[in-house]
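Written out below as structure tokens is the structure these notes cover.
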Amino acid sequence: MQSKTILKAFEAAVGAENVFSDPADLATYAYDAAVLDKVMPSFAVRPTTSEALGQVVRLCNENRLPLTVRGAGTNLSGGTIPHPGGVVLVTNGLNRILEINTEDLFARVQPGVVTAKLAAAVEAKGLFYPPDPGSQAVSTLGGNVAENAGGLRGLKYGVTRDYVMGLDFFDVDGGLVKTGGRTVKCVSGYNLTGLMVASEGTLGVFNEIILKLIPPPAYRKSMMAVFREMRQASEAVAAIIANRVVPATLEFMDNFTIRAVESFSQAGLPLDAGALMLVECDGYPGQVEDDAAKVEKICKELGATSIRVARDDAERDKVWEARRAALSALAKVRPTTVLEDATVPRSKIPAMIQALENISRKYELTIGTFGHAGDGNLHPTILTDRRDAKEWERVEAAIEDIFEEALALGGTLSGEHGIGTAKSRFMEKETSRATILYSRRIKSALDPNSILNPGKIIGGTS
Amino acid sequence: MTRMKELSQLMKTLEDQLVVCMKCGMCQAVCPLFAETGREADVARGKLALLDGLMVQMFDDPEGVHQRLNKCLLCGSCAANCPSGVNVLEIFIKARAILAGFQGLSPAKKAIFRGMLAHPELFDRLGEWGAKFQKVFTKPANEVIGTSCARFMSPLIGERHFRPLAAVPFHKRISSLDTRPGASGLKVAFYVGCLADKIFPDLAQATVDVLTHHGVGIFMPENQACCGIPAVSGGDTDTFKRLVRRNIRLFQGGRYDCLVTACATCTSTIREVWPMMTASDQELHAGARRIAEKTFDISQFLVDRVGLKASADSNGDIPVTYHDPCHLKKSLKVWNEPRALINASRGYRLKEMPESDWCCGMGGSFNIQYYGISGRIGDRKRDNIRATGCRIVATGCPACMLQISDTLSRAGDAVQVKHPVELYAESLKTK
């Protein structure tokens, strides 16, 4: 088909007002939140019905047009950057919460629903949707499922994967595939739900998602502990878990991050502290009090110089304000912010922190580290200026070293940001040649024309 | 040099500010326009990417970028919520100037900015004539709000319900003032602003009454010019500078502690845009800064300097809800003071609405160019006002007052739209 005719076909499917082909629109769908080069698509579409969504997928396949699905475009590994000349499918026109079922504890949503909006709607009905990725105020649930997004509550509540009960999605022919459902137990057929979670738009296009809901905790308690050295904080993390306490969140930040937050918000943080640890326990009041007391005792024994326990909601907000400010405080230090998420088994956090310090020194780079200490998911954040070509070379080398170290410690390239194009060439190192080939065979069987987000995760764009 | 290369060079002047955006996309959560359209080109991240695209010559469509850049309320919600602190408004206003210079101003904008705004006396005359003739084309729409609508089909008025031009503008009631400080020992310069002068003269009067009541001396020179925001946001920096120069000359003549306005937009323009957009002209910049530093919103002045306290009777019978003008809350971080002013008004009590700081959708020329979207954003505000059950909504900006009047009137709601200083002035009279 001629390009004009193709455009007409898409317009017929989604409505002319939902097809964008002006350069000044396309340039706004050429990037996501990853520090990578922009790529112009040939057009973008914004379907508003399931039917139109299915037709877009089929049309892309029939015309061999590479298709990249985009929610809020907050991806940190390039997963939503289109293929050159491809099509961007924006899902925010499919943003209805279809059902919140308080008897069977699930929600049914379209892929473009914003995470925080679902969380608020669920809370209003007295239930709880725990996954809370940092971008939840804008990120979409479709994107969360496609990336298996995590968040601050991963340690106790798990990640997005743990809440996906079922899906239906379009295959490349526009056929609607159904997997899982509304029941806790469901063993009909292959576990395609598992296959689709974290598939980054390479195997199908989500149409509807069924998410598990749980009752909210009745009570929570937050505290902040200050340590002279990072090593002590890491030991405290290990000791808390070893003492059979699983806090809802267990976060930390290093000295550089503490100083950045302090200069940005003057919250009264100790500038000489090696590490700041933030803990929240939740559950039944009695148990929360017991757990909090245990955490306090452990922190003191392991050398915490001060511990602040929040007595009410206002104090709780204060405790978490510092953590919430971490990324923005760091981002203000230099023009370019590279946010990594190499993850290690939590016992290896001290070793990983040491490795990061060495890397920062070796490449003369500023790295602030904060993150989810409880689940080993660190966010070493490199502060740089991409316009400085020499420094940027050192940044790329440092990122490679970070991956090497994380893998050497038995960890993973990415805890929650995804592989996309940013990390695809390291995949084989973490897994094996056979893993890549096996994955590519799945991909080519389900998507023979390689139109679904080609090049992401497992490479092989040619 | 090719044209696109030339434009790229111009955009490079914004490079250091553009690179601050880390493309995290958090602006999507707060942009009132994006909430309606879902289009990336409508949100700050998308617009910043377009300017970056012109800078690196990624594509060749300056007109497309210009249009998209102008499709923005300049409400600053994005900047107030930006994790990396991008100076969105400064970038957008400067880029509009660059693109208007590069592409040329539209004839309509040229006529309005250079033919009318730049000549305050002519602007005043036109306003007075307009007040006489408007009844020919319009008829009353809502008595409580005081709006009018088109008498017959009119492409200019469309579906609008608008507050008509006042029969007697404020400058015809009081042309100038120079009174001595009374009990407070303070003296202010009063910058009236176009909307308070021509549409809401009672608001200007209330401001004068309240200041006088508290023994504050007033310096109010005649023939004040527009603050320049319509011109500068339309990319016409020449007219803008001309207006700033004229106002500085007028206000340099008096001695006063602070300059106050009852218009959120004028206040934030004088405080922030005057110094920002005059930097290339040393003398003008120095004059702009001197005035900017002592410019305050009327409620802030009354609470911080006069020491206004909540009335003993702040749990009055009449509930009033309050809308935060973006230019007060997001630009100037002023939101407690107007609320304090309402609570200081005997007989009234504040009742918060949901999303009180969600933009009302006015955005000045945005309302004229994109009335449909502006109206939809306004409807969201109307629903939030309605949810309070209040019969009065107060807000600290005459531009918001226009928009909120329109949205309430179109829905047939009987809710009065007031400025907090009007409520306070009224409560002084009933004492």
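Tell me yes or no: at least one residue of the stretch B:31-49 is over 16 Å from B:Ile373 (Cβ atoms), aliphatic (A, V, I, L, M), within 11 Å of chain A (Cβ to nearest Cβ) and surrounded by fewer than 21 Cβ atoms within 10 Å (Cβ to Cβ). No: zero hits. With a requirement of 2 or more residues that are modelled with pLDDT of 95 or more, the helices (runs of 4 or more DSSP H) lying completely within the stretch B:67-176 that satisfy it span B:77-80, B:88-103, B:170-173.
Within the stretch A:112-124, the presence of at least one residue that is within 13 Å of chain B (Cβ to nearest Cβ), part of a loop (DSSP other than H, G, I, E, B) and closer than 30 Å to A:Leu7 by Cα is confirmed. Would you confirm whether or not the stretch A:76-86 contains a residue that is more than 14 Å from chain B (Cβ to nearest Cβ), buried (at least 21 other Cβ atoms within 10 Å of the Cβ) and not acidic (Asp, Glu)? Yes, because at least one residue in the stretch A:76-86 is more than 14 Å from chain B (Cβ to nearest Cβ), buried (at least 21 other Cβ atoms within 10 Å of the Cβ) and not acidic (Asp, Glu). Only one entry in B:Ala292, B:Ala183 is surrounded by fewer than 23 Cβ atoms within 10 Å (Cβ to Cβ) and without any contact (Cβ under 8 Å) to a residue 24 or more places away in the chain, namely B:Ala292.
For B:Cys75, state whether it is within 25 Å of B:Ser356 (Cβ to Cβ), of a type outside the set (D, E, K, R) and in contact with a His (Cβ under 9 Å, 6 or more places away or on another chain). So B:Cys75 passes the test.
Taking the criterion of being assigned to a helix (DSSP H, G or I) and of a type outside the set (A, V, I, L, M, F, W, C), the residues of the stretch B:57-66 that qualify are B:Pro62, B:Glu63, B:Gly64, B:His66.
B:Gly363 meets the stated requirement of being buried (at least 21 other Cβ atoms within 10 Å of the Cβ) and either assigned to a loop (DSSP other than H, G, I, E, B) or more than 16 Å from the chain's Cα centre (by Cα) (or both).
Give me a count of the residues in the stretch B:64-90 that are closer than 19 Å to B:Leu18 by Cα and away from chain A (no Cβ under 14 Å). Of the residues in that region, 6 qualify. Residue pairs whose Cβ atoms lie under 6 Å apart, sitting 6 or more positions apart in sequence or on different chains, and linking a residue in the stretch A:294-310 that is assigned by TED's automatic domain parsing to the domain that holds A:Cys281 to a partner that is of a type in the set (Ser, Thr, Tyr) and not in a helix (DSSP H, G or I), are A:Ala310/A:Ser222.
Free of Cβ contacts under 8 Å to residues at least 60 places away in the same chain and either over 25 Å from B:Val19 (Cα atoms) or surrounded by 24 or more Cβ atoms within 10 Å (Cβ to Cβ) (or both), is that true of A:Lys348? In short, no.
Just one of the listed residues (B:Leu341, B:Leu350, B:Leu332) is touching a Phe, Trp or Tyr at 6+ places or on another chain (Cβ under 9 Å) and free of Cβ contacts under 8 Å to residues at least 40 places away in the same chain, namely B:Leu350.
Report yes if A:Glu357 is surrounded by fewer than 19 Cβ atoms within 10 Å (Cβ to Cβ), under 17 Å from A:Ile241 (Cα atoms) and out of contact with any Leu (no Cβ under 8 Å at 6 or more places or on another chain), otherwise no. Against the criterion (surrounded by fewer than 19 Cβ atoms within 10 Å (Cβ to Cβ), under 17 Å from A:Ile241 (Cα atoms) and out of contact with any Leu (no Cβ under 8 Å at 6 or more places or on another chain)), A:Glu357 does not qualify. Taking residues in the stretch A:390-415 that are farther than 17 Å from A:Glu428 by Cβ, and partners anywhere that are assigned to a loop (DSSP other than H, G, I, E, B) and of a type in the set (Phe, Trp, Tyr), the pairs with Cβ atoms closer than 7 Å and at least 6 places apart or on different chains are A:Arg394/A:Tyr363; A:Ala397/A:Tyr363; A:Ala398/A:Tyr363.
Test B:Glu36 against the criterion of being more than 24 Å from the chain's Cα centre (by Cα) and more than 26 Å from B:Ala279 (Cα to Cα), and give yes or no. It is false that B:Glu36 is more than 24 Å from the chain's Cα centre (by Cα) and more than 26 Å from B:Ala279 (Cα to Cα).
Quick one: count up the residues across the stretch A:90-107 that are outside any loop (DSSP other than H, G, I, E, B) and either charged (D, E, K, R) or away from chain B (no Cβ under 13 Å) (or both). The total comes to 7.
Among residues of the stretch B:92-124 being in contact (Cβ under 8 Å) with a residue 60 or more places away in the chain and within 14 Å of chain A (Cβ to nearest Cβ), the one that is surrounded by the most Cβ atoms within 10 Å (Cβ to Cβ) is B:Ala95. The set of residues from the stretch A:3-31 being surrounded by 16 or more Cβ atoms within 10 Å (Cβ to Cβ), within 14 Å of chain B (Cβ to nearest Cβ) and within 20 Å of A:Leu94 (Cβ to Cβ) comprises A:Val14, A:Gly15, A:Asn18, A:Val19, A:Phe20, A:Asp25, A:Thr28, A:Tyr29. Filtered by the rule that a residue be surrounded by 16 or more Cβ atoms within 10 Å (Cβ to Cβ) and of a type in the set (D, E, K, R), the stretch A:280-317 gives A:Glu280, A:Asp282, A:Asp291, A:Lys294, A:Glu296, A:Arg316. The residues of the stretch A:51-107 that are in contact with a Phe, Trp or Tyr (Cβ under 6 Å, 6 or more places away or on another chain) and among the small types (Gly, Ala, Ser) amount to a single one, A:Gly54. Checking each residue in the stretch A:425-462 for being hydroxyl-bearing (Ser, Thr, Tyr) and modelled with pLDDT of 95 or more picks out A:Thr431, A:Ser432, A:Thr435, A:Tyr438, A:Ser439, A:Ser444, A:Ser450. Taking each residue of the stretch A:146-165 that is closer than 12 Å to A:His372 by Cα and outside the structural domain of A:Gly79 (by TED's automatic domain parsing) and looking for partners that are of a type in the set (Val, Ile, Thr) and not in a loop (DSSP other than H, G, I, E, B) with beta-carbon atoms closer than 7 Å, six or more apart or interchain, yields A:Leu152/A:Thr249; A:Arg153/A:Thr249; A:Leu155/A:Thr249.
Residues of the stretch B:39-71 that are closer than 16 Å to A:Ala72 by Cα, more than 24 Å from the chain's Cα centre (by Cα) and of a type in the set (D, E, K, R): B:Arg39, B:Glu40.
The values are calculated or read from the model by the stated rules, or taken from the named source; none is laboratory data. A quick note: this is a predicted structure, and the numbers were derived from the prediction, not measured. Ideal geometry is used to build each Cβ from the backbone, glycine not excepted, and the neighbour counts take in all protein chains shown.
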